[in-house]
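Contents: one structure, followed by commentary.
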């Protein structure tokens, strides 16, 4: 059974525009997307389901459109990588759970990296990681952000 949080729907016009329109992109730009690497930095979970949902949606959108996307989970977001935490939650009027968004992202080749400090603070270790997730080393984090072409922050 999924838990539904009822939150008044406040539309972010920028977010709505991203989700409802697809900008015209010249073919050269589309081809270059496949060679780009992006990081979606997600630092929220049940403390801000709107941000968690949008971060996962944007990560999926980018991955589905040929951008090699890594989801970097830290602070409260680290809990998304923990199998002991239920992702059967939705934000607002959506019927799409965080579980579906996460699983779709991983199924489409997305990589999930969890901050080691935040994992430790949340009691998360390798045996409780969700499919597709790893706990990063400090070197991994440096490489992740230094080599990224784009970083999106939620």
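The values are calculated or read from the model by the stated rules, or taken from the named source; none is laboratory data. Note that the structure is a prediction, hence the values are computed from the model and not measured. Cβ: placed from backbone, ideal geometry, glycine included. Neighbour counts: every protein chain shown.
If the condition is being crowded, with 21+ Cβ neighbours inside 10 Å and out of contact with any helix residue (DSSP H, G or I) (no Cβ under 8 Å at 6 or more places or on another chain), then the stretch 66-92 contributes only 79. When restricted to residues that are farther than 16 Å from residue 90 by Cα and either at pLDDT below 95 or surrounded by fewer than 18 Cβ atoms within 10 Å (Cβ to Cβ) (or both), the stretch 29-55 contains 9. Here residue 153 meets each of (1) under 18 Å from residue 40 (Cα atoms); (2) touching a helix residue (DSSP H, G or I) at 6+ places or on another chain (Cβ under 7 Å); (3) surrounded by fewer than 15 Cβ atoms within 10 Å (Cβ to Cβ) with one exception, condition (2). With respect to residue 63, is the statement that it is in contact with a helix residue (DSSP H, G or I) (Cβ under 7 Å, 6 or more places away or on another chain), modelled with pLDDT of 50 or more and either more than 21 Å from residue 126 (Cβ to Cβ) or in a helix (DSSP H, G or I) (or both) true? In short, yes.
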